Amino acid sequence: MRSEIMHHIVETIEAEVRSRPSPLEFEMAYQARVAMDRIRFAIKHAEQFSKPCIHMREASLQLLDALERLESLDRRFQARSRIEVHRNGTAPEAKA
């Protein structure tokens, strides 16, 4: 009986730990936001100060692609960090 209780307690703690982003994930999310700001700055200045040419257009498209990937990652992190967890380690059901 005691081992079952201990097992249940460990499962609850592990579920809660897995449900929240780790400190490393918070750091990565911060660094991704810094990178997004720098990419936006680079795109803005490339469009504003460079002569239009095929090479600058390709570079801007590459930067936009990188920005979109980072924004997608940031949205997933935001969604994960907002998840509520019940005491039994389960997420609440969606409300209609």
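The values are calculated or read from the model by the stated rules, or taken from the named source; none is laboratory data. All figures in this text were calculated on a predicted structure; none of them were measured in a lab. Glycine also receives a Cβ, built like all others from the backbone with ideal geometry; neighbour counts cover every protein chain displayed.
Below, the figures for the structure above:
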{"read-out": "Complete set of residues in region 1-27 that are under 14 Å from Ser81 (Cβ atoms) and outside any helix (DSSP H, G or I)", "value": "Arg20, Pro21, Ser22"}
{"read-out": "Matching residues in region 1-47 - criterion: being more than 25 Å from Gln62 (Cα to Cα) and among the hydroxyl-bearing types (Ser, Thr, Tyr)", "value": "Ser3, Thr12, Ser19, Ser22"}
{"read-out": "Subset of region 1-34 that is touching a helix residue (DSSP H, G or I) at 6+ places or on another chain (Cβ under 6 Å) and of a type in the set (A, V, I, L, M, F, W, C) - its residue that is farthest from Leu67 (Cα to Cα)", "value": "Ala29"}
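One line per residue, one yes/no per condition, for (1) more than 21 Å from the chain's Cα centre (by Cα); (2) charged (D, E, K, R); (3) surrounded by 13 or more Cβ atoms within 10 Å (Cβ to Cβ); (4) modelled with pLDDT under 85:
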position: Gln48; (1), (2), (3), (4): yes, no, no, no
position: Lys51; (1), (2), (3), (4): yes, yes, no, no
position: His55; (1), (2), (3), (4): yes, no, no, no
position: Leu61; (1), (2), (3), (4): yes, no, no, no
position: Glu68; (1), (2), (3), (4): no, yes, no, no
position: Asp74; (1), (2), (3), (4): no, yes, yes, no
position: Ile83; (1), (2), (3), (4): no, no, no, yes
position: Arg87; (1), (2), (3), (4): yes, yes, no, yes
position: Ala91; (1), (2), (3), (4): no, no, no, yes
